[in-house]
Amino acid sequence: METTTTRRKVLLEYNMENVTHYLDFANHHQDATIGQIKELCQKVVEYGFHAAFVNPCYVKLAREELGPIGVVGTAVSFPLGQDTKDTKIASCVEAVQDGADELDLCMNVGLFKSGKEDEVLVEMKEIVSRVKELSSKAIVKFIIETELLTTEQIKKASELVVESGADFVKTNSGMGKRGPTVDEVELINKVVGGRAKIKVAGGIDTYEKAIALIRAGADRIGTSHAIEIISGNDNEIEPG
């Protein structure tokens, strides 16, 4: 049976220039305007990026712009993750009802680092369960914010995401001091072992950075620099 690793290797060897389908083109800025969101959606269609990621208030707009076929994503409890469980669930429900296909939720890192792992897992499981009740096709990702965690905490947080039934471990919100490292992605990839996919975000603005993270195990890249990334794909890079 062809494994995820085999498929990724084939992709990198024969379609090195095509990273567009890995990219979630995002605008989560506080001052994002209606016009900017419409332009974002237009660029997603024009370039063939995987999805348009917008703030919750713009989910309906993005759905209208992309139509029924396009993929709309949003961020919940972003970027702190310290809303209450019920608030997170209510936000997820509203987002799915507004047309979101994918939800990137910030894990409560403070609670996790306080030793309340069981409480964090209960929250995650309830969120996943409620979202999947609304739409079995909806994708749930939990952001663990690797820059705030030790190596052992990254391992444990990744295990919790898998145990929750979520679809992706997401490394970072992109709003911190740094994004993911190749070593962190490789570590998460070993921990999840194909039981969940991996999304990366934060400071990924070149083709070289994107390819390095894909090689390390990333299945998806969240970025506000999607166009800059694919504009750098003219340089031939030897497959790893």
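The values are calculated or read from the model by the stated rules, or taken from the named source; none is laboratory data. Everything numeric in this text was worked out from a predicted model, so none of it was measured. Using ideal geometry, Cβ is built from the backbone for each residue, glycine included, and neighbour counts are taken over all protein chains shown.
General observations
- Residues being crowded, with 22+ Cβ neighbours inside 10 Å and either small (Gly, Ala, Ser) or not in a helix (DSSP H, G or I) (or both) - total across region 134-163: 8
- Tally of residues being touching a helix residue (DSSP H, G or I) at 6+ places or on another chain (Cβ under 9 Å), closer than 24 Å to Asn55 by Cβ and surrounded by fewer than 17 Cβ atoms within 10 Å (Cβ to Cβ) across region 164-177: 2
- Identity of the residue in region 17-41, of a type in the set (A, V, I, L, M, F, W, C) and over 13 Å from Phe53 (Cβ atoms), that ends up modelled with the highest pLDDT: Ile34
- Test: residue in region 169-186 that is more than 22 Å from Lys85 (Cα to Cα), in contact with a Lys or Arg (Cβ under 7 Å, 6 or more places away or on another chain) and in contact (Cβ under 8 Å) with a residue 12 or more places away in the chain: no
- Criterion (of a type in the set (A, V, I, L, M), more than 19 Å from Gly202 (Cα to Cα) and in contact with a His (Cβ under 7 Å, 6 or more places away or on another chain)) met by exactly one of Val71, Val59, Val93, Val45: Val71
- The criterion of being within 19 Å of the chain's Cα centre (by Cα), assigned to a helix (DSSP H, G or I) and touching a residue at least 40 places away in the same chain (Cβ under 8 Å) does not hold for Val131.
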